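A quick write-up on the structure given underneath.
Readers should treat all values here as calculations from the given coordinates under stated rules, not as data from a laboratory. As the structure is a computational prediction, the values presented were derived from the model and not from experiment. Here the Cβ positions follow ideal geometry from the backbone for every residue, glycine too, while neighbour counts run over all protein chains shown.
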Amino acid sequence: MANSGAVEPSDSLRVFGAALKAFRERALLTQEQVAERLGYSHALVASVEQGRRMPSAQFVERAEEVLETFGVLRAMSRHLGRQRGLAVWFREWAGFEETAVALCTYECRVVPGLLQTEAYTRAVMLNVPPPPTEEQLEQRITARKARQELLRRTPPIAFSFIVEESVLLRHTGGEEVTRELLDHLLACTELWNVELQIMPLRQPYHAGTDGPMQLLETPERHWLGYAEGQKTGQLVMDRQAVSVMQMRYAKMRSQALSPADSAELLQRMRGAL
């Protein structure tokens, strides 16, 4: 995403998590026992209690039923929010990212936020009107850095990125910013859980012409999708729609350069600067 990132817990998420924990302890249940009764993983329940995960509406309703919270959790869930710096439409997706098993990203506009350098992030955010205030800019950069910790999270996430060659040829921010960015991307390709593929500039067969997309696998082995446009974002949960996105992404992986060839292209780009 161009202007958002994972964030530290907000006060409202912490309070919701504390309330969930209090109701769980009142019921004399462990996190593992609650997770089993809710039908979610222990990791997800723990993340919600710690204020690090935005609970879904389904999670809240199940917790209401299992823990008999008299509508308290349902009422609290209406006021949940996250730290400034994260776009409203991206919040729920960012919550799912925190406990994801796998994350696939196709981008044709900018380098994915998880792979950006600070200088590149600044250049992108300052180029897109309206210009942010200095405070807003720092909030967004802080949020972006926090989200990038997912690359080295334990347990690890399996990442797949497909990025258009044209995005890199644009040289957003100038030569020095691009030089640093290419060095950073090459370093990311050395992470064992990260696969980066470049979609070549000349590719007559392209399954991604409908625009950028993301796919995510949850700890419960469910797949979700996310699509974004101008000041909008859509979380895709319908199985048939997600299946279509998976087919398109799989096709793009076969159309893009291999990870090894992509790294070689990045090295050539770096050498040309």
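Data table
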read-out	value
Per DSSP, loop chymotrypsin sites (Phe, Trp or Tyr not before Pro) in the range 170-223 with at most 15 further Cβ within 10 Å	192, 205
Computed [θ] at 222 nm, deg cm²/dmol, the chain (DSSP H ≥ 4; -39,500 (n - 2.57); rounded to nearest 500)	-14500 deg cm²/dmol
Least to most buried among 254, 262, 41 (fewest other Cβ within 10 Å first)	254, 41, 262
Size of charge dipole - the range 100-272 - debye, nearest 20, with Cβ of Lys, Arg +1 and Asp, Glu -1, no other charges	320 debye
Where N is the number of residues in the range 11-77, Cα Rg divided by 2.2 N^0.38 Å	0.94
Which labelled figure in (1) 19.8; (2) 19.2; (3) 20.7 is Kirkwood radius over Cα pairs in Å, once derived from the coordinates	(1)
Length released on extending from residue 74 to residue 220, taking residue separation times 0.36 nm less the Cα-Cα span	50.3 nm
Within the range 183-273, GluC sites (Glu not before Pro) in DSSP loop having at most 14 other beta-carbon neighbours inside 10 Å	190, 220
Förster radius 22 Å - calculated FRET efficiency between residue 158 and residue 254 (Cβ-Cβ, nearest 0.05)	0.75
Computed over the chain: relative contact order in percent, which uses C-alpha pairs under 8 Å that are six or more apart	21 percent
Listed peptides 20-28, 151-159, 105-113 by packing density, highest first (mean Cβ within 10 Å)	105-113, 20-28, 151-159
Residue 109-residue 127 pseudo-label distance in nm [points 7 Å out on the Cα-to-Cβ vector]	1.3 nm
